[in-house]
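Engineer: Okay, handing you the structure first.
The values are calculated or read from the model by the stated rules, or taken from the named source; none is laboratory data. Worth saying up front: this structure is predicted, and the values here are computed from it rather than measured. We place every Cβ from the backbone using ideal geometry, glycine too, and count neighbours over all the protein chains shown.
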């Protein structure tokens, strides 16, 4: 593991660091990141995207026939007496 030093620079009222492209690529960091402090360390990782990968997983479920309802749907009294098409 190589150590790369970088300076903390002033950016407006904040401070920032420049992260070399090779490190960004190795870490898989793109446009959005999440940051947290653990002890005296700043941990930066790629932002989690809700539902990321769902489309592929649903396609795989359909391919294996695992996308069917588990319970039978039985019409209720309302369905039979009140509902009209």
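Engineer: Are there any pairs with C-beta distances below 9 angstrom linking a residue in region 1-14 that is closer than 21 Å to residue 27 by Cβ to a residue that is at pLDDT 90 or above and assigned to a loop (DSSP other than H, G, I, E, B), with the two at least 6 apart or on different chains, and if so which?
Structural biologist: Pairs that qualify, where the first residue is closer than 21 Å to residue 27 by Cβ and the partner is at pLDDT 90 or above and assigned to a loop (DSSP other than H, G, I, E, B), are 4/19; 4/20; 6/18; 6/19; 6/20; 7/18; 9/18.
Engineer: Given the criteria within 23 Å of the chain's Cα centre (by Cα), over 30 Å from residue 6 (Cβ atoms) and without any contact (Cβ under 8 Å) to a residue 60 or more places away in the chain, does residue 34 qualify?
Structural biologist: Values: within 23 Å of the chain's Cα centre (by Cα): yes; over 30 Å from residue 6 (Cβ atoms): no; without any contact (Cβ under 8 Å) to a residue 60 or more places away in the chain: yes.
So residue 34 does not fit the description; no.
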